[in-house]
Every structure is written in structure tokens, then in C-alpha cells.
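A.B. asks: Pasting a structure here, questions to come.
Every number here is computed from the coordinates shown, using simple stated rules; none is lab data. Predicted model, so just to flag it, every value in this text is computed and none were measured. Every residue, glycine among them, receives a Cβ derived from its backbone with ideal geometry; neighbour counts consider all protein chains shown.
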Amino acid sequence: MNSFIPFEWIAAIRFLREGRLQTLFIISGVAIGVGVIVFMSALLSGLQQNLFYRIMSSQPHITLERPKQVVTSVRKAESGQQILTSVQKPPQRVSAVDQWQKVRDLMRLREDVLAVSPTVTGPAFVVKGSSNQAISLTGIDVEQYIKIVPLPDKMVSGTYRLTNNDIMIGTQLAEDMGMQLGDKLRVATAEGASRTLTIVGIFDFGNRSANQRTTFVLLSTAQNLLNLVGSVTSIDMTVKDPYQAENIAQSIASETGLNALSWIANNSQFFQGMNAQTMSSMLIRLFVGLSVAAGIASVLVVSVVQRQKDIGILRAMGGSRGQVMRVFLIQGAVVGLLGSMLGSFLGFLLLMAWRVAAKNPDGSMMFVITLDPKLFIYAALIATLTGLVAAVTPAVRAARLDPVVAIRG
Amino acid sequence: MDSAVLALQAVRKSYAVGTPVETEVLHGIDLQLSKGEFVALIGPSGSGKSTLLNIMGLLDRPSSGKLLINGQDTSTMNESQLTQLRGKAIGFVFQTHLLLTAFTALENVMMPQLLQRGRPDEAMKTSAASLLEQVGLAQWQNNLVNNMSGGQQQRVAIARALALSPSLILADEPTGNLDTKSADAVFELMRKVNQDSGTTFLMVTHNVAMANKCDRVLNLVDGNIVTGTGR
């Protein structure tokens, strides 16, 4: 007996050790529960991170545009009058952000914004022979835009570099038009401007329509073609915390009076799906946790009955109710802690097995699962607490045992 | 009165109080145990010996009457005060050597002190070891009690009862489950401890020969003490 360990701990450990098989079973039960929770949590957060990354990495966190053009009814009703009006909404033309340099500099000063890149976007056609295809022409600042969308990561062929006469297109457009790297194509706009550009890069966003419509040219090229020389249609931004994008967008909108769209608002359906997924996994984890707690409690209740004699002896030797109660509380906590440690290890093994088993057809990882040590620490904490709470009822029962009855057994 | 380690005054005990089967087990017991006495309590089964022992050991409360331990009235004490007094003043030796099987002989003997002080220390270990030596089990101290014979276990129980140097040791048929040789050895050991340390003993027994070797014999019949009130 170590002189630093209080009686309650010594007795709790000895009792657990003496009840070998029982202790082993309940610790395994806790371990399996915790293992499932750890595995599910890591899997889900890996999956969600992967989806988030896919969505985020092909679009800016926040896009600033000029406010929507609206038509207001000029005539106001005087007293006693009623006016019946029908106001037609105007079509939204491609239009420039006023004072965009100022806005850009203002945004660069914000602490929650990491990168700011002005872009010009407008509709155009790709013409080759007799076939043509509608595209969205995006003029970018090559150095800035890389901080908004990691285009080099998406390149299938060619390099991320643009001059005045270059264009980057998606894989689908290349296929539709039968074009490859180095080919020349003509880009025309509805206003009549046109230009012949060289394909210097082909990218894959993992999305058919994006691969078909999106094209990138130099900012000045787009400005020329879209007749917007010196202007931009939007300012794209990357923020520090992507999950705060909506709040930041609202604050920017009220600061600048511009229309600020966050990627969260643009993908609200996706977020609803994510939330539903998170909720359902929370429920599963909750019920697994409850069954772990019930398991610990039932084993300890049985153990109190089995230990009746021992409890009686302790009480007859001058042990207090509090001491007896703590012995059982500690047993619950220790079972929870050991079980969660074993369970974390089990969860870790499951995740490793998943990494090996779940692969794309080409052998690459389906998605990356990062192991956050916090997950294991939380699992251990929660399981220990669960053990402690589960032990309350049995411990109170043990403390209430009448020593005479307990000894007679 | 002052030298009485334990005094019972008109102690009655009833079970199933308030029901049609209410039974009074003890009918007004008056009794005093003086310091250093070795008293035997005999009586047929069902005479109330165990009930009396439980009351004297503060494990049970009388229905009426008073119990004084070292002159202190226990009838007004609450549960935790009783627990404390029980730990300090009274040692128990039971018929079935009630030892904690999860612990070694030495640890069982340390247990009363450990419960009192909360943490083990060297002094506790030393005194427990010397108690085990007193009962002749020095070389057995690190054995789990389950690996020891009945007589050895009972000697561990006696050593444990002595751990807090109580003024009174209550022994409930301590030799009942032992063969004659071990029984005699255990009795002699208790007698020796009684003479060496002046600890008062009350021993419940069915063995008349053994009872006659005690200072005084109390005969409990149907809840009354019928003989042996004098020395």
C-alpha cells in the first residue's frame, strides 16, 4: 500500500482487481462504446472537413458585388389617394463595383480577412468553327486569386500562369470543344467584342457544370472583352475562419453598402444537410453513451450486492458511509477511465483499418481523417464522468447498507 | 460505575415493532463489564445473544434503555458519532472470520487505522506487523487471507480487533468454526492479550469448558440474564 493513496482508492482498485472477469467485461463494454464514439466522430468530422474543403476550395469565402439594381415607384400617394402600381424588376446587368480600389484597400485592413482579390466576371461564348459554347469569363489577378481558390491544385494539365492572350478552361469544356493544351480558341461576347486566346491550362473542379462553364483569363483581358476597362464586378475574399464567413459578410455589407455573399449563404442546402448529419450522429453517440452508463451502473449494482459482506466489515471497523460511498464512486470512475483509454485505442485501430480499406478506385485515400488528440481527451473525460454518475446509485445503496444485515449477508 | 467499560441499563429490543408479530427479544438487560474483565456469554440459540452483541457493538440500537461506553451515553448519538465511537472503542471478532479477501493479512490488520486516518503510513504498518507477530503470524503477513487456514484467519481477525487498542473486544463465537486444537490456541491467545493489555473481552460461546475458564459467565435465556451477575 502506497502511503500517498487514500483508503478509498486502495479499496476501489483492490475490489476491481478481485472481481477480475466482471471488471474485464465491463471495461470491454465501455471500451467498445467509446471506440465506436471515437471512430464515428473522427470519421464524420473527416468526411465533413473533406466536403467543406471541396466546396470552399472552388469558391471564395465572401464575394462583394455592387448592390442589386432596384426600381422604386416614384409617385407617392397623397392623403385620400390610392395608387395602383406594378413595378417590373430590372434585369441585372454586368456592372462594376464603384470605387473598387478603395473598397479593396479597406478590406485589406480588416483583421478577419486574409486575402482580397478583384475579379471581373461576365458571360461570353467560346467559338470554334461552327460550334459555340456559353461560358462564364472570369478575369483574375493571378497573384491574388491563388489565395482565394487554390487553382494550381486543380490543374490537370498546363501551368498556373496567364498573359494577356491566355485562357484556362475546365476539362468538360475542353472535351466538348475537342481542344487541348496549346490550342487557340476565340472568345466572343454578346456586345460584339472578341479575341483569340491560347489555352495554357486545363483544370478540374470535380463538378461537371463548373468544368464546362468556368474559364479564367487575366483581369485586363476580361475587362477589355466585357467592356469594363478599369473596373471590376466583384471583390473576392478569403477569411481567417470560414465558418464565420456569414457574420463577416454581414458586417462588411453594412460597412460598405455593397452586396456581400458568403459561401455559407450560397450553399445553405449543403449546410442543412451537414447539420442533419451532425444531429443524427450526436443522437447515436448519446445513446451509445447512455448504454455505456447503464452497463457500468448495472455491474456496480451487482457488485454492491456481492460486496455486502465487505461493506459490513468496513462499516464495523469504523468506516464511514462517505468512505464506503466513495469506494464505489471511484470504481465507476476508474472503469470509465480505463474503458475510455482502451476504447480510444480501439477507435484508433478502427480508423487505421478504415484508412487502409476505404480507398478510391485509383488507390488514393477517399478522404483524409485527421486524428485530433482533443477527441481522445474529451472521450476520456466524458467516459470518466459517465462512470462516476453511473456509480452514484450503487454507491448510495452501498452506503445505506445496515452493517448488521450486511455482515449476516 | 466509573471503571465500567460498558454498561447496559434496562435494555430492551423488539423486532417488527407495530406489527401483529412484534416480538421482544431482550427483556430489560442490566449489565456491566469492568476494565480488564474476560466475560463469557452463553445461552441456547435464539436466546438473543447476537442481538445483545450487536447492541453492545453499536451495530444496532436498543428499543429502550441505555447503553454507556466508557461512561458516555450513546442513546443521543447520531449515526456518524456511533460509527466513530465503534471504530475507536470496540473491536470485533466474528464467528466466520470476516476478513476482506481482497487484502493481505497485514492490510486487514491495518484496516481499522486506515479507515480512521484515511491514508496508510509506516507507523500503521509497523504496529499492524507487531500485532500479527503477537498472534504468531509474522511470516504470513503478506498472504492474501483466502490462502490461510481458518485458525490463522481468526488470529488475523483478533489482531485486527486490537488495531486501535479498543477498550472492549466483542467476540461472537470466535472458535465456533475451528477444530479443537485451533480453538484452544485462539482462546489462549485472547486470554493472553487480555492479560497483557488489559483489554476487556466479551466472548459468545457454546463451549462450556471454555466459558468456565473465563472470569465470569453470563447465561442468557429467553432474553434475560439468569446467572453469573457476580464475579
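A.B. asks: Please give the FRET efficiency for A:Arg208 paired with A:Leu24, using the beta carbon to beta carbon distance and R0 = 60 Å, rounded to the nearest 0.05. Don't skip to the answer; put the middle values down first.
C.D. replies: Numbers: r = 55 Å, r/R0 = 0.91.
It comes out at approximately 0.65.
A.B. asks: Can you compute log10 of I(q)/I(0) for segment B:25-97 with the Debye formula, treating each Cα as one identical point scatterer, at q = 0.19, 0.24 Å⁻¹?
C.D. replies: Once normalised to I(0) and log-transformed, intensities are -0.91, -1.43.
A.B. asks: Rg and Dmax of chain B, Cα atoms, in Å?
C.D. replies: Here Rg and the maximum Cα pair distance are 17.5, 55 Å.
A.B. asks: At a 10 Å Cβ-Cβ cut-off, how would you order B:Leu202, B:Leu144, fewest neighbours first?
C.D. replies: So the ranking, lowest neighbour count to highest, is B:Leu144, B:Leu202.
A.B. asks: Here is a follow-up. Using 0.36 nm per residue, how much length does the chain from A:Asp176 to A:Ser254 gain when fully extended, once their Cα-Cα distance is taken away?
C.D. replies: On the way: separation 78, 0.36 × 78 = 28.08 nm, distance 4.29 nm.
Taking A:Asp176 through A:Ser254 to full extension adds about 23.8 nm, to one decimal.
A.B. asks: Work out the mean other chain Cβ neighbour count within 10 Å for the residues of B:114-125 and drop it here as an integer.
C.D. replies: 5
A.B. asks: D for chain A, whole µm²/s, Stokes-Einstein with Kirkwood Rh over alpha-carbon pairs at 37 °C and 0.692 mPa s: what number?
C.D. replies: Once the numbers are plugged in, D ends up at 122 µm²/s.
A.B. asks: Near A:Lys147, which aspartates and glutamates are there with a Cα under 18 Å away, not counting those fewer than 8 places off in the same chain?
C.D. replies: A:Asp105, A:Glu111, A:Asp112, A:Asp204, A:Asp236, A:Asp241
A.B. asks: Next question. For the residues A:Met341, A:Met40, what sequence is obtained by ranking on other C-beta atoms within 10 Å, fewest first?
C.D. replies: The fewest-first ordering by Cβ neighbours comes to A:Met40, A:Met341.
A.B. asks: With everything on Cα atoms, drop me the angle between helix B:180-197 and the longest principal axis of chain B, reported from 0 to 90° to the nearest 10.
C.D. replies: With rounding to tens, the tilt is 90 degrees.
A.B. asks: Measure nothing fancy, just the Cα-based angle from helix B:79-89's long axis to the longest principal axis of chain B, in degrees from 0 to 90, nearest 10.
C.D. replies: The two axes meet at around 60 degrees.
A.B. asks: Rounded to the nearest 10 degrees, what's the angle between the helix A:20-56 long axis and the longest principal axis of chain A, both from Cα atoms, 0 to 90?
C.D. replies: In chain A, helix A:20-56 runs at an angle near 10 degrees to the longest axis.
A.B. asks: Still on this structure, I have one more. Name the most mobile residue of B:Arg86, B:Arg117, B:Arg61, meaning the one with the largest mean-square fluctuation, in a Gaussian network model of chain B with Cα contacts below 10 Å.
C.D. replies: Highest fluctuation among the options: B:Arg117.
A.B. asks: Kirkwood Rh and Cα-based Rg: tell me the resulting Rg over Rh for segment A:192-243, rounded to two decimals.
C.D. replies: Expressed as Rg/Rh, it is 1.04.
A.B. asks: What does the net charge come to around A:Gly322 if you take all other residues with beta carbon closer than 14 Å to its beta carbon, with K and R at +1 and D and E at -1?
C.D. replies: That sum, taken over residues with Cβ under 14 Å, equals +2.
A.B. asks: Using only atoms on other chains, find how many Cβ atoms lie within 10 Å of each Cβ of peptide B:98-105 and report the average. Walk me through the numbers on the way to the answer.
C.D. replies: On the way: counts 9, 3, 10, 5, 11, 7, 2, 0.
Whole-number average of other-chain Cβ neighbours for B:98-105 is 6.
A.B. asks: If you bin every alpha carbon distance in segment A:147-290 into 5 Å steps from zero, what whole percent lands in each bin?
C.D. replies: 2, 8, 13, 14, 15, 15, 12, 9, 5, 3, 2, 2, 1, 0
A.B. asks: With unit charges on the beta carbons (Lys and Arg positive, Asp and Glu negative) and the dipole taken about the Cα centre of the protein assembly as shown, which residue among A:Ile252, A:Leu226, A:Gln22 sits farthest to the positive side?
C.D. replies: So the residue we want is A:Leu226.
A.B. asks: With 32 Å as the limit, write out which pairs from A:Lys102/A:Lys128; A:Lys89/A:Lys128; B:Lys49/B:Lys192; A:Lys154/A:Lys240; B:Lys66/B:Lys125 have Cα-Cα distances beyond it, or answer none.
C.D. replies: Pairs exceeding the cut-off: A:Lys102/A:Lys128; A:Lys89/A:Lys128; B:Lys66/B:Lys125.
A.B. asks: Taking the Cα centre of segment A:271-391 as the origin and placing charges on Cβ (Lys, Arg +1; Asp, Glu -1), which of A:Ala294, A:Ser320, A:Gln272 is farthest toward the positive end of the dipole?
C.D. replies: Going by the Cα projections, it comes out as A:Ser320.
A.B. asks: Of the candidates A:Gln172, A:Gln212, A:Gln82, which one comes out as most mobile in a Gaussian network treatment of chain A with C-alpha springs shorter than 10 Å?
C.D. replies: Top of the fluctuation ranking is A:Gln82.
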